[in-house]
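Chemist: Please read through the structure below; I'll follow up with questions.
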Amino acid sequence: MTKRKLNRQDAERYPPNVLREYALLADGERGALIGPRGDISWMCAPNWDSDAVFAALIGGNGVYAITPADLRFVWGGYYEEGSMIWRSRWITEGGVIECREALAFPGEIDRLVLLRRVIAVDTEAHLKVRLDARAGFGSRPLAKLERAHGAWTGRVSGMNLRWSGAGRARQDGPALVLDFKLPAGGHRDFVLELSKRSLPEHAPDPDHAWEATEHTWRTSVPELSGSLAQRDARHAYAVLRSLTSTGGGMVASATMSLPERAEQGRNYDYRYVWIRDQCFTGEAVAAAGAYPLLDDAVRFVAARLLDDGPNLMPAYTTSGGRIPDQRSLRLPGYPGGYDIVGNHVNKQFQLDAFGESLLLLAAAARHDRLDADGWRAVEAATDAIARRWTEPEAGIWELDDRHWSQSRLICVAGLRAVSRARGAPAGRIGEWLSLAEAMLADAAEHCTHPSGRWQRAPDDERVDAALLLPGIRGALPGNDPRAAATLEAVRRELAREGYVYRFRQQSGPLGEAEGAFLLCGFVVALAAHQQGETLEAIRYFERNRAACGPSGLYSEEYDVKQRQLRGNLPQAFVHALMLEASTRLASPWRDES
């Protein structure tokens, strides 16, 4: 298959970086990754699952960069606390330059406003700017360019574009470029708008846009003062909020096609809402308090259950639609991977999604946040479990259809949790508990390993880190010997240097098959805490909490040997479990089910 041609000059000027060097800008409706050269090399517009207009990250054309003209500089950066406002920071030979970056928050569904404020901190600053917006993952350049009233306007695949603050930019082919200087202490604002509808008559006032964005973040992220690691817990909440759309759906990641393992064919499109991930986030937030992200998760999941019942899909678009089939774009891809759009999950059945949904809804009920529709969703989920629990399914890791024990056990936990929840319909509690007992008895008969721990499936004796989740969620008492035996087996067989792998895929070192799963590291921390092993819990928590770059973003996997992030960035469910572990490890174990 012939690959698309790249703009060679841009590819050399803005090559891809290791993932730890990227920061995320996001407003709930879309996100952008920004690298150390001030290069926004990934952004889909107008929405999460739209085509990218900046696709350099995966080998397409299109980038928006603000970079020091001095070739000799070192990079750093940080988020303003409790927000997704990022500050790129460059130390040049002459002094310090910063660029404050954000997508105006909260975001509108069909219009984005990207704010960038360059600040010459202590010296005259010389910078270069390049805006090359291209539709269709880099296949169609910016068209109908015009300059008027100090701003550039144009069209990008059905969207209107306006770029303010760069009136003196010049055209370089389909791109706009600018070379400018700032006096010491001065600043300059650039505002990029992209909209499916007509743009407002006047461009946003930068000062007002910044003030509104700061205020909204300030009121959107709780203090979480009772957390073990307050700053990181608040950052995790901010990341999760930035990935959550107006309709309540939270995308699993802002990106697609970032390989989990170089040249191993494990590249996926995660710009969609996974029911399981949404539930993980709601449950994590519920552990900290009745904060808005809990309501968002309940709203989205309940709506899908009421619409689809036993045919609940594992994942949806943020509007509740069907995920498209997988296809290639014929791009080079991120090094070590290849491009892919859509996800094969749209053809799977995952039983555990019903169990996680019940756990989420029960958590909302504990906070008195479950309305009549929520309880109807509970009944839809319990009915679906009763109807489908004996069927083979893909499970939490989305593998071949089998009778995965984790899926059945997490449904047991969910059934028990809603049975105990305040407001549960008295006429159905006995039915739900009987179903839970039947499922638990089946799992005990067919999925108990001779050593006394849980095993993955009736025909698979291996241990799996996901088998710790049902115990944490209340499928059986915390002092049940099978929970303790499973934790011991996971640490013995799947943990190395404080990191945890999902399951053993082959003989030889664990890290040869895939990276450590950061989600699993936080799960082990929670399981150890439940078993009263406080120091061990904190050890796993701190080890995995540090597996990020300067931006504090977690990917799905962590290459322990090379200390590198692997897979799509950021991975929402890792931030969710970090938030939950930070909350729950701060006090003695409390059964939340």
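The values are calculated or read from the model by the stated rules, or taken from the named source; none is laboratory data. What you see is a predicted model; the values in this text were computed from it and never measured. Here Cβ is always computed from backbone atoms with ideal geometry, including for glycine, and neighbour counts include all displayed protein chains. Quick note on the areas: whole protein, heavy atoms, side chains included, nothing else; ligands and nucleic acids left out. Shrake-Rupley method; radii C 1.70, N 1.55, O 1.52, S 1.80 Å.
Chemist: If a residue must be modelled with pLDDT of 95 or more and within 18 Å of Ala209 (Cα to Cα), how many such residues does the stretch 110-127 contain?
Modeler: So the answer is 9.
Chemist: While we're here: Out of the residues in the stretch 37-49 meeting the condition of being open to solvent by less than 10 Å² (accessible area, probe 1.4 Å) and either assigned to a loop (DSSP other than H, G, I, E, B) or among the acidic types (Asp, Glu) (or both), tell me which one is farthest from Phe73 (Cα to Cα).
Modeler: Step one: of the stretch 37-49, the residues open to solvent by less than 10 Å² (accessible area, probe 1.4 Å) are 38-45, 48.
If we keep only those that are either assigned to a loop (DSSP other than H, G, I, E, B) or among the acidic types (Asp, Glu) (or both) as well, we get 38-39, 45, 48.
Numbers: Gly38: 12, Asp39: 15, Ala45: 31, Trp48: 33 Å.
Taking the candidates together, the pick is Trp48.
Chemist: If Gly336 meets every condition in (1) within 30 Å of Ser587 (Cα to Cα); (2) in contact with an Asp or Glu (Cβ under 8 Å, 6 or more places away or on another chain); (3) assigned to a loop (DSSP other than H, G, I, E, B) apart from one, which number is that one?
Modeler: (1)
Chemist: Within the stretch 373-428, can you find the residues that are of a type in the set (Val, Ile, Thr), within 19 Å of Asp277 (Cβ to Cβ) and in a loop (DSSP other than H, G, I, E, B)?
Modeler: So in the stretch 373-428, the residues of a type in the set (Val, Ile, Thr) come out as 378, 382, 385, 390, 396, 410, 412, 418.
Next, from what is left, pick out any that are within 19 Å of Asp277 (Cβ to Cβ): 396, 410.
If the condition is that a residue be of a type in the set (Val, Ile, Thr), within 19 Å of Asp277 (Cβ to Cβ) and in a loop (DSSP other than H, G, I, E, B), then Ile396 is the only one that fits.
Chemist: Report, by residue number, each residue of the stretch 559-582 that is open to solvent by 10 Å² or more (accessible area, probe 1.4 Å) and under 18 Å from Ala254 (Cα atoms).
Modeler: Taking the stretch 559-582 and keeping what is open to solvent by 10 Å² or more (accessible area, probe 1.4 Å), we get 559-564, 566, 573.
Those that are open to solvent by 10 Å² or more (accessible area, probe 1.4 Å) and under 18 Å from Ala254 (Cα atoms): Arg566, Phe573.
Chemist: Right, next: Quick one: Leu33 ticks every box in (1) farther than 24 Å from Leu182 by Cβ; (2) part of a strand (DSSP E or B); (3) over 18 Å from the mean Cα position of the chain (by Cα) except a single one, so which number is it?
Modeler: (3)
Chemist: Related question: Considering Leu526, Leu553, which residue is in contact with a helix residue (DSSP H, G or I) (Cβ under 6 Å, 6 or more places away or on another chain), among the hydrophobic types (A, V, I, L, M, F, W, C) and open to solvent by less than 10 Å² (accessible area, probe 1.4 Å)? Outline the logic, then answer.
Modeler: Numbers: Leu553 fails: in contact with a helix residue (DSSP H, G or I) (Cβ under 6 Å, 6 or more places away or on another chain).
So the residue among Leu526, Leu553 that is in contact with a helix residue (DSSP H, G or I) (Cβ under 6 Å, 6 or more places away or on another chain), among the hydrophobic types (A, V, I, L, M, F, W, C) and open to solvent by less than 10 Å² (accessible area, probe 1.4 Å) is Leu526.
Chemist: Among the residues of the stretch 533-571, which ones are of a type in the set (A, V, I, L, M) and under 24 Å from Arg100 (Cα atoms)? Before the answer, list the steps.
Modeler: Kept after step one, since they are of a type in the set (A, V, I, L, M), are these residues of the stretch 533-571: 535, 537-538, 546-547, 553, 560, 565, 569.
Matches in the stretch 533-571: Leu553, Leu569.
Chemist: Filter the stretch 196-217 down to the residues that are in contact with a strand residue (DSSP E or B) (Cβ under 7 Å, 6 or more places away or on another chain) and small (Gly, Ala, Ser), then identify the one that is most open to solvent (accessible area, probe 1.4 Å).
Modeler: In this case the residue turns out to be Ser198.
Chemist: Find the helices (runs of 4 or more DSSP H) located wholly in the stretch 502-593 whose residues include 2 or more that are among the hydroxyl-bearing types (Ser, Thr, Tyr) and in contact (Cβ under 8 Å) with a residue 60 or more places away in the chain, and list them.
Modeler: Details: elements: 518-530, 534-545, 572-584.
Helices (runs of 4 or more DSSP H) meeting the threshold: 572-584.
Chemist: Same structure, new question: Consider the stretch 50-89. How many of its residues are assigned to a strand (DSSP E or B), of a type in the set (Ser, Thr, Tyr) and surrounded by 18 or more Cβ atoms within 10 Å (Cβ to Cβ)?
Modeler: Step one: list which residues in the stretch 50-89 are assigned to a strand (DSSP E or B), which gives 52-54, 63-68, 73-79, 86-89.
Next, from what is left, pick out any that are of a type in the set (Ser, Thr, Tyr): 64, 67, 78-79, 88.
In the following step, the residues that additionally are surrounded by 18 or more Cβ atoms within 10 Å (Cβ to Cβ) were identified as 64, 67, 79, 88.
Qualifying residue count, the stretch 50-89: 4.
Chemist: Within the stretch 92-108, can one find any residue that is open to solvent by 20 Å² or more (accessible area, probe 1.4 Å), among the acidic types (Asp, Glu) and either outside any loop (DSSP other than H, G, I, E, B) or modelled with pLDDT of 95 or more (or both)?
Modeler: Taking every residue of the stretch 92-108 in turn, at least one turns out to be open to solvent by 20 Å² or more (accessible area, probe 1.4 Å), among the acidic types (Asp, Glu) and either outside any loop (DSSP other than H, G, I, E, B) or modelled with pLDDT of 95 or more (or both).
Chemist: Kindly indicate which of Ser257, Ser220, Ser253 is under 21 Å from the mean Cα position of the chain (by Cα), among the polar types (S, T, N, Q), modelled with pLDDT under 95 and crowded, with 16+ Cβ neighbours inside 10 Å. Break it down into steps so the answer makes sense when it comes.
Modeler: Details: Ser220 fails: modelled with pLDDT under 95; Ser253 fails: modelled with pLDDT under 95.
Criteria check complete, one pass: Ser257.
Chemist: While we're on this one: Report, by residue number, each residue of the stretch 334-358 that is open to solvent by less than 10 Å² (accessible area, probe 1.4 Å) and touching a Gly at 6+ places or on another chain (Cβ under 9 Å).
Modeler: Asp339, Gln350, Leu351, Asp352, Phe354, Gly355, Glu356, Ser357, Leu358
Chemist: Return the only residue of Ala516, Ala465, Ala436 being farther than 18 Å from Phe541 by Cα and either modelled with pLDDT under 95 or among the aliphatic types (A, V, I, L, M) (or both). Walk me through how you get there before you give the answer.
Modeler: Values: Ala516 fails: farther than 18 Å from Phe541 by Cα; Ala465 fails: farther than 18 Å from Phe541 by Cα.
Result of the check over Ala516, Ala465, Ala436: Ala436.
Chemist: Mind listing just one residue for me: the one in the stretch 309-328 that is among the aliphatic types (A, V, I, L, M) and under 30 Å from His367 (Cβ atoms) and, of those, most open to solvent (accessible area, probe 1.4 Å)?
Modeler: Met313
Chemist: Of Leu331, Leu306, Leu293, which residue is touching a helix residue (DSSP H, G or I) at 6+ places or on another chain (Cβ under 7 Å), in a helix (DSSP H, G or I) and open to solvent by less than 10 Å² (accessible area, probe 1.4 Å)? Quick ask: steps written out before the conclusion?
Modeler: Details: Leu331 fails: in a helix (DSSP H, G or I); Leu306 fails: open to solvent by less than 10 Å² (accessible area, probe 1.4 Å).
Unique residue meeting the criteria: Leu293.
Chemist: Only one of Ala426, Ala441, Ala421 is open to solvent by less than 20 Å² (accessible area, probe 1.4 Å) and either at pLDDT 95 or above or at negative phi (or both); which?
Modeler: Numbers: Ala426 fails: open to solvent by less than 20 Å² (accessible area, probe 1.4 Å); Ala441 fails: open to solvent by less than 20 Å² (accessible area, probe 1.4 Å).
Going through Ala426, Ala441, Ala421 in turn, the sole match is Ala421.
Chemist: Oh, and also: In a loop (DSSP other than H, G, I, E, B) and surrounded by 20 or more Cβ atoms within 10 Å (Cβ to Cβ): is that true of Ala483 in this structure? Walk me through how you get there before you give the answer.
Modeler: Numbers: in a loop (DSSP other than H, G, I, E, B): no; surrounded by 20 or more Cβ atoms within 10 Å (Cβ to Cβ): yes.
No.
Chemist: Only residues in the stretch 149-172 that are over 20 Å from Asp205 (Cα atoms) count as the first member; pair them with residues that are open to solvent by 40 Å² or more (accessible area, probe 1.4 Å) and outside any strand (DSSP E or B), Cβ under 6 angstrom, at least 6 apart or cross-chain, and list the lot.
Modeler: Hits for this filter: Met159/Lys196.
Chemist: Please state which one of Arg147, Arg168, Arg130 is within 30 Å of Pro332 (Cα to Cα) and either among the charged types (D, E, K, R) or modelled with pLDDT of 95 or more (or both).
Modeler: Values: Arg147 fails: within 30 Å of Pro332 (Cα to Cα); Arg168 fails: within 30 Å of Pro332 (Cα to Cα).
Of the residues listed, the single one that is within 30 Å of Pro332 (Cα to Cα) and either among the charged types (D, E, K, R) or modelled with pLDDT of 95 or more (or both) is Arg130.
Chemist: Across the stretch 347-372, which residue is nearest to Ile385 (Cα to Cα) among those that are outside any helix (DSSP H, G or I) and among the polar types (S, T, N, Q)?
Modeler: Restricting attention to the stretch 347-372, the residues satisfying the condition of being outside any helix (DSSP H, G or I) are 348-351, 367-371.
Next, only the ones that are among the polar types (S, T, N, Q) stay: 348, 350.
On the way: Gln348: 16, Gln350: 11 Å.
Ranking the candidates gives Gln350 first.
Chemist: Now for a separate question. Looking for whichever is hydrophobic (A, V, I, L, M, F, W, C) and either open to solvent by 60 Å² or more (accessible area, probe 1.4 Å) or within 10 Å of Asp352 (Cβ to Cβ) (or both) here; the options are Trp432, Trp404. Which one fits? Don't jump to the end; show me each part of the working.
Modeler: Values: Trp432 fails: either open to solvent by 60 Å² or more (accessible area, probe 1.4 Å) or within 10 Å of Asp352 (Cβ to Cβ) (or both).
Trp404 is the lone residue from the list that is hydrophobic (A, V, I, L, M, F, W, C) and either open to solvent by 60 Å² or more (accessible area, probe 1.4 Å) or within 10 Å of Asp352 (Cβ to Cβ) (or both).
Chemist: Looking only at residues in the stretch 223-242 that are among the charged types (D, E, K, R) and under 19 Å from Ala546 (Cβ atoms), which one is most open to solvent (accessible area, probe 1.4 Å)? Let's see the steps before the verdict.
Modeler: Within the stretch 223-242, the first condition is being among the charged types (D, E, K, R), and the residues that meet it are 223, 231-232, 234, 241.
Retained after the next criterion (residues that are under 19 Å from Ala546 (Cβ atoms)): 231-232, 234.
Numbers: Arg231: 159, Asp232: 47, Arg234: 21 Å².
Selected residue: Arg231.
Each row is one residue, and each column tells you yes or no for (1) among the basic types (Lys, Arg); (2) surrounded by fewer than 18 Cβ atoms within 10 Å (Cβ to Cβ).
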{"residue": "Asp110", "(1), (2)": "no, yes"}
{"residue": "Arg117", "(1), (2)": "yes, no"}
{"residue": "Asp122", "(1), (2)": "no, yes"}
{"residue": "Leu127", "(1), (2)": "no, no"}
{"residue": "Glu146", "(1), (2)": "no, yes"}
{"residue": "Gly150", "(1), (2)": "no, yes"}
